[in-house]
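The values are calculated or read from the model by the stated rules, or taken from the named source; none is laboratory data. Keep in mind the model is a prediction, meaning the values are calculated, not measured. We place every Cβ from the backbone using ideal geometry, glycine too, and count neighbours over all the protein chains shown.
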Amino acid sequence: MRGNLVSLKTESERTLFFDFLPIDLGQIRGYKVFYRASRRLILRGADAVVFVADSQSARLDANVEAMLDLRENLDELRAPLASLPCVMQHNKRDLDDIEPIEGPRALLNPMGAPEVESAAASGVGVTETLRAAARLVLRRLAA
């Protein structure tokens, strides 16, 4: 399944993209199941990674599992996370019962990637995250 095809034109190029949504296979122990191959396909050729962590205390284990899955997928593509520009977005900072940043930082960001606190539902931190990722990509291209 996919969303609408979007075309972005600039003076020098045109980019086509769509949102890729894997097939919903239901849940196992409360977690949605997605195809690993779909994740690898999305990651192939990525210029950067933004890892969006759910700041709610109850989601800490799920965040750790998602990070392990990301690392495994990137390793299979021979593009370890340490080799890609990465930004950590700590989302849902506007909710109650959230983890202090230090806990998720130690578990999810031992590589010291730039971090942004966000409340995506209201747009807080979203632009900052995109800017941080773009800066990292531009630095990498310049090097």
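Within the stretch 125-143, which residues are buried (at least 19 other Cβ atoms within 10 Å of the Cβ) and of a type in the set (S, T, N, Q)? Of everything in the stretch 125-143, just one residue is buried (at least 19 other Cβ atoms within 10 Å of the Cβ) and of a type in the set (S, T, N, Q), namely 129. Checking each residue in the stretch 93-129 for being among the polar types (S, T, N, Q), farther than 17 Å from residue 48 by Cα and part of a helix (DSSP H, G or I) picks out only 122. In this entry, residue 132 passes the filter for residues that are assigned to a helix (DSSP H, G or I), within 25 Å of residue 41 (Cα to Cα) and at pLDDT 95 or above.
In the stretch 98-124, the residues that are surrounded by fewer than 20 Cβ atoms within 10 Å (Cβ to Cβ) reach residues that are β-branched (Val, Ile, Thr) and assigned to a helix (DSSP H, G or I) with C-beta atoms within less than 6 angstrom, at least six apart or across chains, in these pairs: 107/64; 120/126. For the stretch 44-80, residues that are part of a helix (DSSP H, G or I) and either crowded, with 17+ Cβ neighbours inside 10 Å or touching a Ser or Thr at 6+ places or on another chain (Cβ under 6 Å) (or both) total 8.
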